[in-house]
Structures are given as structure tokens and as C-alpha cells.
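So the structure is just underneath, and the comments pick up after that.
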Amino acid sequence: MTERKTKTNKRIELIYVIAGKEESLVNAECKDLLDKLIEPSQRATGFLDVDAQEASISDVLDELRTVPFLTDKRVVLIRWADKFISQNRELLEKYLENPSPTGILILTVNNWDARTKLARKLAGSGKLITVSQLKGWQLQRRLIDYALQAHDKKITQNAAEILVEFAGDELPRLYSEVDKLAIFADAEEVIDERHIEALTGHNRIYGAFAVIDACLANDSTQAIERLRNMFAEDKNAEYTVVGAFAYHLRRMFNTKVLLKKGYNPSDVADRLRIWGNRNGFFVMLGKMSIEQIGAALQRLAAIDYAIKTGQTKAEVAIEQLVLGLTSGSSKP
């Protein structure tokens, strides 16, 4: 395997592929890699960021093979290079057999098929970096770091957890919510649940709660009216409505589990941060079995996937869920 060494004696490959579907995560990984490969002061002469739509394979290879000037290597980056790779697969395979010792090629892609000849050659001549979707606690950690770095504000663990529940798992949207919260918090140094409730979550929490309450009262007219009001009053509802319903249903499910284990309702409410209308929450809880809640959560997960893949619209899918809950059918 062809390789180089950094000053800290860490191996540097001559070809990197960074694969992942979440743009912000891939870009973050790419930035970290660039920081390790080339100093900012050397990038004027040693770094080329190529537009994948306009990239020419001959120009890219020439750049990689050009003798570095005022630096010991040249780094060429092509972002979202899936189409570029498909169009130039054979030439890239040939280059991987004998890469330039002074050039480093970085390709970011949405998908990387390990079964291809190119992938097998990469395994012997370079490195594949796979970027996976962040889990809940990782998202929360990322939001805490982002709030501090971008706004010099602390965001509490509870606030980060609630924000992920409300806004979903897409980082750009979560970052946007943190940006709004930072402005809303103004001179306050800490963003906590109060800010989430007041700015981001209050209308969505209350709206989802009110819709579910109407469902369990078998009042389909009221439930649909309240749901449509949620969409009418909040332009971001199509992105956050699933999170709002999931937040309530998960709390209901977790409460059922803890009550079944013998926990006191008051202790459960404190533990799960059930604020506001606690009595109303427990009345609602008594109208659904743990099996019904679990089935509703499964159906909501399916709805979330269908929305994200363009198979349905949020308004239509959530309305069907609401009608199912009203009729007592929460099967996925």
C-alpha cells in the first residue's frame, strides 16, 4: 500500500473516499481530514476544490501529478463525486494502480459499492471513510458543541434531547433551531428547556397533545381541526409534526413501562420531565394500552420514512394516523 507519514508519524493515504448521505456530517469529516492533510497557509498553492459537475478527469489527474510548489503535496477534493466516478471509473481504477506520490485525492460520495473493482483497488491503495447517521445521544452532543462554537452559549443536555425529539434527526434543521434559540436567549448564556418550550416547542407540543386528546375522546372532527390548525399556524410543521407526536407517544410508552414496574406517578412525571397539564397527561394515558401506544409509534416511524423518501406528504399521513387513533386502530 502506498503511503506517506506526517510529522506525528501517522500514515497518510494517497486516495480517500468519504461516503455518507448526510451532507453536514460528510462535510465535517472532510474538513477534519483536510486539517490533518494540509496547513491553511499551504492551501493557496497546494489545494484544489473541484466542482464535480465541471470536473475533467484529465485535469484532475494532471493536478495530482503536478510537482507541488511551496508545499510537499497537492490535495485535490471532489465533493459528491458519484457521477464523476461512474463516468471515469476505468481511468480511476488505472490511477489507483499507480497514484502520484505527491498528490492526494479526496472524493466524497453518497454511496460506495464495495463490490466494484474500483472499491477493491481502493482497499489496497487508499482508505474508505464511512459516515453514518448520528444516533440520538450523538446528535445531542453535536448540538451542545455547535451552540458553544457558533454562539458561545451552553445548551443543557435536557434541552438538546428535547430539541432532537421536536425537530428530528437532520443536522441542518437542528442547527437552524439552535440558531433561533441563541437569538431568542439573547444575553443569557445558557439555553434550557424554558427556551425550547417558549420558542420552538410550545405550539407544537400543545398542538400534538390537543390532537391526541381529541383522538382518545373519539372526536374525529375536533382532532382533524386541531391538526390542520397546527399546519396552518406553523410553516415548519411539515418537518416537525412527526417529532411532536413521537415526543408525546414515547413519553406515554415510557410512562406505561415505569408505572408497570411500580414507580409512583409523581416520580415518573419528574423523571420524564412531564410538565404543564400532568393530570391531563395521565388521563390520556389511561385511555391507551401499552400495545396501542407501541403500535402507534411503529406506524409513526413508517410515516416518517415515507415522508423523508417522498412517498407521502406530512399532512396526509398524519391525518390518517389521527383518524386511526380516533377509531381505536393504531396498527402500523
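On inspection, residue 76 passes the criterion of being under 14 Å from residue 15 (Cβ atoms) and hydrophobic (A, V, I, L, M, F, W, C). When 133, 140, 157 are checked against the criterion of being within 21 Å of residue 274 (Cβ to Cβ) and in contact with an Asp or Glu (Cβ under 7 Å, 6 or more places away or on another chain), 140 stands alone in meeting it. Which residues, taken from the stretch 115-169, are under 30 Å from residue 13 (Cβ atoms) and charged (D, E, K, R)? 115, 117, 120, 121, 127, 135, 141, 142, 145, listed by residue number. Across the stretch 94-104, which residue is surrounded by the fewest Cβ atoms within 10 Å (Cβ to Cβ) among those that are in contact with a Lys or Arg (Cβ under 7 Å, 6 or more places away or on another chain) and hydroxyl-bearing (Ser, Thr, Tyr)? Ranking the qualifying residues of the stretch 94-104, first place goes to 102. Taking the stretch 204-222 as the range and being loosely packed, with under 15 Cβ neighbours inside 10 Å and part of a helix (DSSP H, G or I) as the test, only 221 passes. Looking across 286, 294, 280, 262, one residue alone is in the same structural domain as residue 220 (by TED's automatic domain parsing) and under 30 Å from residue 170 (Cα atoms). It is 294.
Check whether at least one residue in the stretch 223-234 is farther than 20 Å from residue 162 by Cβ, without any contact (Cβ under 8 Å) to a residue 24 or more places away in the chain and either of a type in the set (A, V, I, L, M) or not in a helix (DSSP H, G or I) (or both), and report yes or no. Yes - at least one qualifying residue is present in the stretch 223-234.
Screening residue 287 on (1) touching a residue at least 40 places away in the same chain (Cβ under 8 Å); (2) part of a helix (DSSP H, G or I) shows it passes everything except condition (2).
Please go through the stretch 118-140 and pick out each residue that is surrounded by 13 or more Cβ atoms within 10 Å (Cβ to Cβ), in a loop (DSSP other than H, G, I, E, B) and not polar (S, T, N, Q). 126, 131, 134, listed by residue number. Of the residues that make up the stretch 262-271, is at least one surrounded by 15 or more Cβ atoms within 10 Å (Cβ to Cβ), free of Cβ contacts under 8 Å to residues at least 40 places away in the same chain, among the β-branched types (Val, Ile, Thr) and not in a helix (DSSP H, G or I)? No, the conditions are met nowhere in the stretch 262-271. Take the residues in the stretch 224-238 that are at pLDDT below 80 and surrounded by 16 or more Cβ atoms within 10 Å (Cβ to Cβ); name whichever of them is farthest from residue 318 (Cα to Cα). Looking at residues that are at pLDDT below 80 and surrounded by 16 or more Cβ atoms within 10 Å (Cβ to Cβ), I get 234. Scanning the stretch 298-306 turns up one or more residues that are without any contact (Cβ under 8 Å) to a residue 12 or more places away in the chain, in a helix (DSSP H, G or I), surrounded by 15 or more Cβ atoms within 10 Å (Cβ to Cβ) and of a type outside the set (Asp, Glu).
Here's the yes/no breakdown for (1) among the small types (Gly, Ala, Ser); (2) at pLDDT below 85; (3) surrounded by fewer than 20 Cβ atoms within 10 Å (Cβ to Cβ):
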position: 167; (1), (2), (3): yes, yes, no
position: 183; (1), (2), (3): no, no, yes
position: 187; (1), (2), (3): yes, no, yes
position: 194; (1), (2), (3): no, yes, yes
position: 198; (1), (2), (3): yes, yes, yes
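The condition (being touching a Lys or Arg at 6+ places or on another chain (Cβ under 6 Å) and not β-branched (Val, Ile, Thr)) is satisfied by just one residue among 150, 167: 167. Each residue in the stretch 272-284 was checked for being touching a residue at least 12 places away in the same chain (Cβ under 8 Å) and β-branched (Val, Ile, Thr), and 1 pass.
Rundown of residues vs (1) modelled with pLDDT of 95 or more; (2) surrounded by 15 or more Cβ atoms within 10 Å (Cβ to Cβ); (3) not assigned by TED's automatic domain parsing to the domain that holds residue 22, yes/no style:
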residue	(1), (2), (3)
41	no, no, no
46	no, yes, no
52	no, yes, no
55	no, yes, no
61	yes, yes, no
69	no, no, no
73	no, yes, no
86	yes, no, no
92	yes, yes, no
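The values are calculated or read from the model by the stated rules, or taken from the named source; none is laboratory data. Since the model is a prediction, treat every value here as computed from it, not as a measurement. Cβ sites come from the backbone with ideal geometry, for glycine too, and all protein chains shown count toward neighbours.
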